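The values are calculated or read from the model by the stated rules, or taken from the named source; none is laboratory data. Computed from a predicted structure; not experimentally measured. No Cβ is skipped: glycine too gets one built from the backbone with ideal geometry, and neighbour counts run over all protein chains shown. These accessible areas exclude ligands, DNA and RNA; they are computed on the full protein's heavy atoms, side chains included. Shrake-Rupley method; radii C 1.70, N 1.55, O 1.52, S 1.80 Å.
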Amino acid sequence: MNSHAIQVRPARSDDRDCILVVHLDAFGGDEGPVIVSLLQEMLDDPTAEPMHSFVAESNDKIGVRSLWRNIDGRRPSGTGGTTGYGGMPG
């Protein structure tokens, strides 16, 4: 892979710490810790399933994360969102 290639792939369980850092960086010092705390709760919540999480990485660093999840605990249709920071080459 060249130094500017970006790979999008499903998130793995070992990406969790990097994903939390992406959210912390994206939301800053005031909101970041609150968002990270909420994200940790959601990731551990079985009623949030199904959850589909993707990351974009370059040079083995995750810079963007997209999450699609169940929002009501009953239906598989959900909402999604993307979080990222300026660490990816442009």
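Values for this structure:
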item: Selection from region 1-43 of residues that are of a type in the set (Ser, Thr, Tyr) and under 16 Å from PHE54 (Cα atoms); result: SER13
item: Region 40-57, residues that are touching a Ser or Thr at 6+ places or on another chain (Cβ under 8 Å) and hydroxyl-bearing (Ser, Thr, Tyr); result: SER53
item: Looking only at region 51-84, and only at residues there that are of a type in the set (Val, Ile, Thr) and open to solvent by less than 40 Å² (accessible area, probe 1.4 Å), the one that is modelled with the lowest pLDDT; result: THR83
item: Lone qualifier among ALA48, ALA11 - being surrounded by 10 or more Cβ atoms within 10 Å (Cβ to Cβ) and closer than 26 Å to ASN59 by Cα; result: ALA11
